[in-house]
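Colleague: What follows is a single structure, and I will ask about it in a moment.
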Amino acid sequence: MSAIVKIEEKTVTAFACEDFSKVRNDVCYMGENPKDADEIALGSAFEENIKIGDTVSVTVDGITKSFQVTGFVQSVNLQGELCELSIEGYNSLFNQNQTPYLYVYLENAENASSSPAKTEKLLSLKKTKLPKIQSTYQAYSPS
């Protein structure tokens, strides 16, 4: 899942995951990925002014929460302006009226297009931990 948040007056993309250690493209290069509701890993754009163990404020639509920095992550596409949160940390920032994005990567993109009901069933397994999600299906195939 991802959303736009503000960290120390900088607007960044926040990514959330139940367990970042299971992600194929783990981008944490220093410290650790967040595991608890009060933890955050920051993009490399913050590394000069913030250290692991520091506390930062994250704001979304008037809701501000404090998180302890556990590590630093990299992203070429976002020039280091991102952060990672646990699902619980992410949910603490959002109310039920907001619709975050959920990215699901399938080995065979045709499966999502040909069977939206099957894809919806897969997603429903995790809905107890996820905030309200609007379903949109797009299949991307490598060229």
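Colleague: Give 41, 112, 45 a once-over and let me know the one that is buried (at least 17 other Cβ atoms within 10 Å of the Cβ), in contact with a strand residue (DSSP E or B) (Cβ under 7 Å, 6 or more places away or on another chain) and either modelled with pLDDT under 60 or of a type outside the set (Lys, Arg) (or both).
Modeller: 41
Colleague: Scanning segment 50-63 for residues that are modelled with pLDDT under 95 and assigned to a loop (DSSP other than H, G, I, E, B), which turns out nearest to residue 79 (Cα to Cα)?
Modeller: The extreme case among them is 61.
The values are calculated or read from the model by the stated rules, or taken from the named source; none is laboratory data. Quantities reported herein were computed from a predicted structural model and do not represent experimental measurements. Heads up, the Cβs are rebuilt from the backbone with ideal geometry, glycines too, and the neighbour counts pull from every protein chain shown.
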